[in-house]
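Every number here is computed from the coordinates shown, using simple stated rules; none is lab data. Being a predicted model, the structure only gives us computed values, none of them experimental. Please note: Cβ atoms are built from the backbone with ideal geometry, for glycine as well, and neighbour counts cover all protein chains shown.
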C-alpha cells in the first residue's frame with residue numbers, strides 16, 4: 001500500500017522498532033516534529049547493525065546524546081558516539097566456544113574486534129550516469145591500496161605519454177580499467193581452466209556479455225536499428241556507438257547469441273523450464289514481477305502462474321498449468337514462497353503485464369513500466385490539515 005518493496009518495508013519496520021524500544025528519546029522528538037523521520041532512521045540503521053552489537057544501555061546512551069542535539073549529527077559524529085558507547089560499556093564480540101583457561105580473554109576480545117574485516121569493493125549499479133560511467137567504492141588492505149595507487153598513477157602517466165589529452169581523473173579511471181583487462185598472473189588465472197586462445201595464443205582478457213534490446217524497422221530489404229539500445233544490466237540506455245566501442249576494444253571476446261522473439265509462445269511438456277524458454281521469460285519481464293520488487297529476473301525462480309499438475313498426464317487429464325511462455329513469470333525466492341504459501345494471487349494479462357491481488361483484496365498492475373495500484377483511494381480518507 002505504501003508503494004515500496006518488501007525489503008524496504010522490512011527495513012522501515014525494523015527502524016520503527018529500534019526507535020520505539022531502544023531510542024525512545026529520539027522517537028518522542030520525531031512525534032513532536034522536532035526531528036525529521038529520515039534523520040532518526042539513519043541513527044537507527046547505525047545502532048541496529050553495529051559490530052559488536054550494542055546493549056540496550058549503550059543504545060540508550062547514544063539516544064541521550066543524539067536527542068540532546070535534536071538529531072543533528074553527521075555520519076562521522078555518529079561513528080564517534082558509537083565508538084564511545086562501546087568503550088563506556090565495555091562491549092566486545094562474544095568469546096569463542098573453545099576458549100580455554102589460561103588464555104588472555106581480553107586480548108582475544110580485542111583481536112576479534114580488530115579482526116573484523118571491512119574490506120570491500122562495491123559498484124553502485126543503481127546510479128549509472130547517462131554517459132556510461134559508474135561509481136565504485138572500496139576499502140583495501142593498506143599495502144594493496146598503495147600498490148593499486150602506484151599502478152594507476154603509472155598507467156595514467158603512460159596514457160599521457162602516448163598522447164592522451166584527457167584530464168588526470170579520466171586517465172586514472174582508464175588506467176584502472178586497463179588493469180582489469182591485464183593478465184598479470186596468467187598462471188594463477190588459467191590453472192586447470194580450459195580457455196579459448198586469441199590470435200597470439202593468450203586467452204581473451206575481457207568477455208562482454210550484453211543482452212541488448214533494439215527497436216528495428218525494415219527499410220526495403222535492410223533492417224535499420226534505432227540509435228539507442230537498452231541493456232539488461234542496470235536497465236540502462238546505451239548508444240550503439242558505445243556498444244560498438246566496447247566490443248572493439250583489444251583482447252575482447254564477443255559472443256553473438258540467437259535473437260529471441262519476446263512475443264512468441266514457447267511451450268514444453270516437461271515441468272523443468274528449458275534454457276530457451278527461461279531466457280525468453282527473463283528478457284520479457286526483466287525483474288521479479290511482484291509489486292514494486294526490483295530483483296533482476298536472472299536471479300529469480302520461474303513460477304508457474306497456474307500450478308503444474310504432475311499427475312495430469314498419468315491420469316489422462318489436460319495439464320492445467322503448462323510450462324509455457326504465458327504461464328511463467330520470474331519471482332524472487334521470497335515472493336515465490338509468498339505466492340505459494342499465502343493468499344497472494346496473480347494472473348497473466350498480456351506479455352509482460354500481470355495483475356496481483358493481495359490477501360486484503362487490493363489489486364495491483366505490474367508491467368514493464370513498474371507497479372500501479374488499481375484500487376481507488378478510500379472515500380473517507382482524512383485530508384491533511386494545515387497547522
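Overview of results
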item	result
Full-extension gain in nm, residue 314 to residue 165, via 0.36 nm per residue minus C-alpha separation	46.5 nm
Sequence of 61, 27 once ranked by neighbouring C-beta atoms within 10 Å, starting from the fewest	61, 27
Ellipsoid semi-axes in whole angstrom, largest first, where each is sqrt(5λ) of the Cα gyration tensor of the range 273-387	32, 17, 12
Residues of the range 20-59 with amide N under 12 Å of a point placed 7 Å along Cα→Cβ from residue 2	38, 41
Extension reserve of the residue 345-residue 142 stretch, reckoned as 0.36 nm per residue once the Cα distance is removed	67.9 nm
Gained length - residue 306 relative to residue 367, 0.36 nm times residue gap less alpha-carbon distance	20.1 nm
Efficiency of FRET between residue 241 and residue 51 - r from beta-carbon atoms, R0 56 angstrom, step 0.05	0.75
Spin-label pair residue 263/residue 133, simplified geometry with 7 Å Cα→Cβ offset, distance in nm	4.0
Packing-based order for 68-79, 15-26, using average beta carbon neighbours within 10 Å, highest first	15-26, 68-79
Exposure proxy ranking, count of Cβ atoms within 10 Å, fewest first, for 339, 160	160, 339
